[in-house]
Amino acid sequence: MIDVPMLNYDNHQEWKDILLHLGLLEMDFAIHNKESAPITNDSSQADKKYHSQWIRSNRLCVYFIKTRIPRSIRGSIDHCDKVETLFKAIDDQFATSNKALASTLIMKFVGLRLSTIKGTRKHIMQVRDIAAQLKKLEINLPDTIVVHFALNTFPQHYSPLRFPITHIMTNGLSMT
């Protein structure tokens with residue numbers, strides 16, 4: 001059996017690899033094909049077979065996906081009986097969570113000061129880490145902004161360091 005992690009608020013993008021697992025299990029027919037029209041007395045055998053295959057695949061996908069979502073998260077996702085709407089509901093739920101996470105990270109970024117962390121290196125690494133996390137959330141901070149911000153969060157006694165680095169970043173390294 002393929003091990004698919006449980007969905008949580010930290011692994012939404014990685015969790016979407018569940019699509020690969022569904023494909024490996026050959027259960028992804030409903031994901032890649034449109035739902036058929038309802039079966040009527042005039043439906044051909046091919047239409048009936050397609051419809052039956054789609055219904056089975058959809059049901060198995062929904063069941064499988066729901067087994068990888070904890071009840072605490074599943075309760076906040078609308079009831080869906082079609083795999084396409086289930087994935088959309090999950091994505092919508094996490095889009096809201098990503099906005100909250102981005103807001104938290106921005107507030108943390110803005111509130112950083114060197115005095116709150118032990119050591120200049122750790123401080124710079126934390127600034128870069130928050131910028132990288134924001135980038136994953138599609139909030140891109142140019143490197144020059146991150147460097148300027150990091151330098152401006154240093155206490156006043158670091159000012160001799162600020163000017164040369166800022167000058168080099170702005171004007172480039174020159175020998176004159």
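The values are calculated or read from the model by the stated rules, or taken from the named source; none is laboratory data. Computed from a predicted structure; not experimentally measured. We place every Cβ from the backbone using ideal geometry, glycine too, and count neighbours over all the protein chains shown.
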For this session: Filter the stretch 125-136 for residues that are crowded, with 16+ Cβ neighbours inside 10 Å and either modelled with pLDDT under 80 or of a type in the set (Gly, Ala, Ser) (or both) and give the result.
Result: ALA131
Exercise. Among the listed residues ILE31, ILE39, ILE77, which satisfies the condition of being modelled with pLDDT of 80 or more, under 28 Å from PRO5 (Cβ atoms) and either touching a Gly at 6+ places or on another chain (Cβ under 8 Å) or of a type in the set (A, V, I, L, M, F, W, C) (or both)?
Worked result: ILE31
For this session: Report yes if LEU7 is under 25 Å from the mean Cα position of the chain (by Cα) and assigned to a loop (DSSP other than H, G, I, E, B), otherwise no.
Result: yes
Seminar exercise, completed: Filter the stretch 17-29 for residues that are under 14 Å from VAL62 (Cα atoms) and under 17 Å from the mean Cα position of the chain (by Cα); the one that is surrounded by the most Cβ atoms within 10 Å (Cβ to Cβ) is ILE18
Exercise. Across the stretch 82-104, what is the total count of residues that are at pLDDT below 75 and in a loop (DSSP other than H, G, I, E, B)?
Worked result: 0
Problem set entry | Filter result (surrounded by 14 or more Cβ atoms within 10 Å (Cβ to Cβ) and not aliphatic (A, V, I, L, M)) within the stretch 36-65 | SER36, SER43, ASP47, TYR50, HIS51, GLN53, TRP54, SER57, ASN58, ARG59, CYS61, PHE64
Problem set entry | Residue among ILE18, ILE55 that alone is out of contact with any helix residue (DSSP H, G or I) (no Cβ under 6 Å at 6 or more places or on another chain), β-branched (Val, Ile, Thr) and modelled with pLDDT of 90 or more | ILE55
Exercise. Across the stretch 27-49, what is the number of residues that are part of a loop (DSSP other than H, G, I, E, B) and farther than 19 Å from LEU86 by Cβ?
Worked result: 8
